[in-house]
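Before any comments, here is the structure.
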Amino acid sequence: MNGLVNAAERGFLDWLTHVDADVVCIQDTRSKEYQLPENLLDVPGFNAFFFDADEDGHAGTAIYSRVMPKAVMRGFGNMNCDLQGGFIQADFDNVSVASIWVPQADYIEDVDDKLDYLEALQLHFKKTRRKRREFIFTGSFHIAHRSVDLGNWESHQREPGFLPEERAWMDQVTGPIGFVDGFRSVNKKDRQHTFWPFDEAQVNGARYDYQFVTPNIADFIVEATIIREPRLSPHCAVQIEYDMDL
């Protein structure tokens, strides 16, 4: 999201009140809940939940839900993730929906920290697969899984966001661990980019934003689209329609 207040200045609230969505997951809020203006805390038709990073102006996640959850879980017991407000989950009758923040490795020397973070997240994913419950894990993972997900991929093979070890993490999540890439389960098109900087062309973008779902839920996916307008941040919203009740 590149900052919730920044997104609000670009029209987030107008978009939120008109979007046909039961749950909206936000990453990279970059503001503590008490710092947000009232109109971002009390949005007509939505219940709002936040998990703040310990550091000011950094990371953080949020969930806006039209239905009141049965429970909200902030963090999953990993200090590194939890101090960054990196995981918030809303439990409903039939499914749990989580909003997940993952650090972006801007430089190659940052990759080890990102991989440590991803390893902790992967362990949590494995634990959830042992539960008799359905999950939707949404987030900006800052990884293009396959070449089809990255513009000009040939020149980015040794850059963060498309490194073999990052893509191998994706292979584990959507392979042995057993989650499904919800978007790709119904949308097979090329260049379905969700991220590109404001000052660059969309063709140079990447699909960094995902919804990982348990297999039973994948059967209920009707449509998956990327909302490119209004442009609220360098990351575009990924909208997936499920033919099921929360």
Three-way shape label, segment 69-189, alpha-carbon gyration tensor, a/c 1.5: oblate
The chain: most fluctuating residue of Gln202, Gln89, Gln35 per GNM, C-alpha cutoff 10 Å: Gln35
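Would segment 88-128 count as rounded, prolate or oblate if I go by the C-alpha gyration tensor, calling it rounded below 1.5 in a/c and otherwise prolate when a/b exceeds b/c, oblate otherwise? Each step should come with its number before you reach the end.
Working: a/c = 5.85, a/b = 2.32, b/c = 2.53.
Note, shape of segment 88-128 comes out oblate.
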Amide H partners (placed H, <5 Å) of Gly205, local residues excluded: Gly151
Surface per residue (accessible, 1.4 Å probe) for the chain, Å²: 47 Å²
Placed amide H near Phe87: partners under 5 Å, 5+ positions off or other chain: Gly75, Trp101
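Too long at a 31 Å Cα-Cα cut-off: which of Lys70/Lys188; Lys127/Lys188; Lys131/Lys189; Lys32/Lys188?
Exceeds cut-off: Lys70/Lys188; Lys131/Lys189; Lys32/Lys188.
Just in segment 132-214: which GluC sites (Glu not before Pro) are loop by DSSP and have at most 13 other Cβ atoms within 10 Å?
On the way: sites: Glu134, Glu154, Glu165, Glu166, Glu200; in loops: Glu134, Glu200.
Taking segment 132-214 and a limit of 13 other Cβ atoms within 10 Å, the loop GluC sites (Glu not before Pro) found are Glu200.
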Helix-only [θ]222 nm of the chain, DSSP H runs n ≥ 4, -39500 (n - 2.57) each, per residue, nearest 500: -6500 deg cm²/dmol
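With only Lys, Arg, Asp and Glu charged, each at its Cβ (+1 for the first two, -1 for the last two), find how big the charge dipole of segment 1-127 is about the Cα centre; round to the nearest 20 debye. Mind dumping the intermediate values first?
Details: 9 positive and 22 negative charges, 103 e Å.
So the magnitude is around 500 debye.
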Cβ charges +1 (Lys, Arg) and -1 (Asp, Glu), total dipole of the chain, debye: 820 debye
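Taking the radius of gyration and the Kirkwood hydrodynamic radius from Cα positions alone, what is the Rg/Rh ratio for segment 1-107, to two decimal places?
Values: Rg = 13.3 Å, Rh = 14.0 Å.
Across segment 1-107, the Cα-based Rg/Rh ratio is 0.95.
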Segment 162-246: C-alpha gyration tensor shape, a/c 1.5 cut-off, then a/b vs b/c: oblate
DSSP-assigned coil residues among trypsin sites (Lys or Arg not before Pro) in segment 23-95, each with at most 13 further Cβ atoms within 10 Å: Arg66, Lys70
Charge dipole of the chain about the Cα centre (unit charges at C-beta), most positive-ward option of Thr128, Phe46, Tyr208: Thr128
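The values are calculated or read from the model by the stated rules, or taken from the named source; none is laboratory data. Just so we're clear, the structure is a prediction, and the values are computed from it rather than from any experiment. All Cβ positions, glycine included, derive from the backbone under ideal geometry; neighbour counts span all protein chains shown. With ligands, DNA and RNA removed, areas are computed over all heavy atoms of the protein, side chains included. Shrake-Rupley method; radii C 1.70, N 1.55, O 1.52, S 1.80 Å.
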